[in-house]
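Worksheet: one structure, shown below.
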Amino acid sequence: MPWSGVSCWCQGVAGCLTLLQCWIYEYFPGFRPSHFEPPVVGPDEAWASRWIGQPATGSVADPSVRLAFYRRALDSLTPSDVCWTPFHQRPHQAVRRSLYTGVIRFADIGEFYDPARCLRQFGYRQMVPPPPSRPQRADRPEAPGGYVIRIPESFDAAWDALLSHMVHIDMYSQPWRRYPYETTVDYLDWFVAHSHCRVLQDDGDADRLVDSAAVRFDH
């Protein structure tokens, strides 16, 4: 997702929000429409079509109240509340290119894609990922509104050279054994140091953030 879509100054989201909503329903069952069991779609039907005609969860009209509700709901999630592999137990076996690592480009837009950062979505234990690929140059203007990156031309050729630009997952990690959200013993320390443990953050409550992450993700 572009930086401009997740920044504090962003007031809107562009793109196909229907697909984003369907993605949320698949991975987070607690946010699905109430009292609805999605049907199995046929081989010639779009997977997202099984959510057709279903209203969005929540009925609160006030956007600020609804936003606070969803933020608390996200903070309350536990690993077992997530469906880690909703489409296939080993999705890379069905779609091999999903293990591609590099830049995915469309027209003048390029985004880095790294499956090593979400191994649990492939049915494997999450390990500390390698450092991300770096652009040739990155510029962020003083005025809010996004950023501009320059990607080396050699990155464009990676998509057509899959074997040399993919995560060899069986050499990199192992399938989970007890829980679909398993991690290696060193991953939690890395996660707490490099990520945001909660959506809501109270001033002067940094200790609670670390404790919360350890309780929820230490499996």
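The values are calculated or read from the model by the stated rules, or taken from the named source; none is laboratory data. In this text, all values refer to a predicted model and were calculated from it rather than measured experimentally. These accessible areas exclude ligands, DNA and RNA; they are computed on the full protein's heavy atoms, side chains included. Shrake-Rupley method; radii C 1.70, N 1.55, O 1.52, S 1.80 Å.
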HN-Hα J in Hz across region 17-34 - Karplus 6.51, -1.76, 1.60, θ = phi - 60°, x for Gly and Pro: 5, 4, 5, 4, 5, 5, 4, 5, 4, 6, 8, 10, x, x, 9, 6, x, 5
Karplus-derived 3J(HN,Hα), 6.51/-1.76/1.60, for each residue of region 100-116, Hz, glycine and proline x: 4, 10, x, 9, 9, 10, 9, 6, 9, 10, x, 10, 6, 10, 9, x, 5
Amide H within-cut-off set for T183, under 5 Å, with H built and near neighbours excluded: Q126, H219
Column: log10 I(q)/I(0), Debye, Cα scatterers of region 96-182, q = 0.18, 0.23 Å⁻¹: -0.85, -1.11
Computed accessible area, H88, all protein chains, 1.4 angstrom probe, square angstrom: 80
For I151, residues with placed amide H under 5 Å, excluding near neighbours: Q136
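Using a 1.4 Å probe over the heavy atoms of the protein chains, calculate the carbon and sulfur portion of the accessible area of region 103-194 as a whole percent. Show your work: numbers first, answer last.
On the way: 3430 of 6260 Å².
The nonpolar share, carbon plus sulfur, comes to 55 percent.
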For region 154-194, average projected area of the Cα convex hull in nm²: 4.7
Added length on full extension, which subtracts the Cα-Cα distance from 0.36 nm per residue, D75 to V41: 9.1 nm
Nonlocal amide H pairs with M166, under 5 Å, H built at 1.01 Å: T101
